[in-house]
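See structure below.
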Amino acid sequence: MPKKTAAPVQKLRVWWIPQVPMKAFRYDVKTVEEAKLLIDALAKYDIFQYENNVKPDFANAGGLEMFEDGEWCEWYDDEGNSIDDLMKAA
């Protein structure tokens with residue numbers, strides 16, 4: 001009987017820039033669902049800071065990257081959706 005092998009684990013990380021054009025903060029995640037939760041929390045935190053005069057204005061950006069062929073690149077699902085597309089659909 002052939003031996004079953006586990007599917008390769010996809011390496012994922014969220015990137016977040018709280019104030020463009022500074023460098024990105026990166027955080028490893030295990031799943032796309034975990035990435036969505038983290039991105040949503042970071043966005044809400046930035047809005048909270050703005051609304052409570054912690055920072056006067058901001059231009060943030062974020063996304064999800066995957067490690068593929070030896071380098072980090074933007075993540076897309078099998079249908080070509082980015083993490084932004086999935087966040088908007090939720």
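The values are calculated or read from the model by the stated rules, or taken from the named source; none is laboratory data. For clarity, every value in this text was computed on a predicted model and none was experimentally measured. Please note: Cβ atoms are built from the backbone with ideal geometry, for glycine as well, and neighbour counts cover all protein chains shown.
Across region 49-81, what is the number of residues that are assigned to a loop (DSSP other than H, G, I, E, B), modelled with pLDDT of 90 or more and among the aromatic types (Phe, Trp, Tyr)?
Number satisfying all stated conditions: 2.
So which of Phe58, Phe25 ends up being surrounded by 10 or more Cβ atoms within 10 Å (Cβ to Cβ) and without any contact (Cβ under 8 Å) to a residue 12 or more places away in the chain? Break it down into steps so the answer makes sense when it comes.
On the way: Phe58 fails: without any contact (Cβ under 8 Å) to a residue 12 or more places away in the chain.
Going through Phe58, Phe25 in turn, the sole match is Phe25.
Just for region 42-55: of the residues that are among the hydrophobic types (A, V, I, L, M, F, W, C) and surrounded by 11 or more Cβ atoms within 10 Å (Cβ to Cβ), which one is farthest from Asp85 (Cα to Cα)?
Residues of region 42-55 among the hydrophobic types (A, V, I, L, M, F, W, C): 42-43, 47-48, 54.
Right, trim to surrounded by 11 or more Cβ atoms within 10 Å (Cβ to Cβ) and you get 42-43, 47, 54.
Working: Leu42: 17, Ala43: 15, Ile47: 20, Val54: 29 Å.
Out of the qualifying residues, it is Val54.
For region 35-55, enumerate the residues that are without any contact (Cβ under 8 Å) to a residue 12 or more places away in the chain and either under 11 Å from Arg13 (Cβ atoms) or not aliphatic (A, V, I, L, M) (or both). Spell out how you get there, then give the answer.
Let us first name the residues in region 35-55 that are without any contact (Cβ under 8 Å) to a residue 12 or more places away in the chain, namely 37, 41, 44-45, 47-54.
Within region 35-55, Lys44, Tyr45, Phe48, Gln49, Tyr50, Glu51, Asn52, Asn53 qualify.
Which of the residues spanning region 17-34 are part of a strand (DSSP E or B) and not hydrophobic (A, V, I, L, M, F, W, C)? So that I can check it myself, show each step before the final result.
First, pick out the residues of region 17-34 that are part of a strand (DSSP E or B): 17, 25-29.
Arg26, Tyr27, Asp28, listed by residue number.
When the residues of region 68-90 are filtered to those that are among the hydrophobic types (A, V, I, L, M, F, W, C) and surrounded by 14 or more Cβ atoms within 10 Å (Cβ to Cβ), which remaining residue is farthest from Ile17 (Cα to Cα)?
Leu86
What's the number of the only condition in (1) in a loop (DSSP other than H, G, I, E, B); (2) exposed (fewer than 14 other Cβ atoms within 10 Å of the Cβ) that Leu37 fails to meet?
Condition not satisfied by Leu37: (1).
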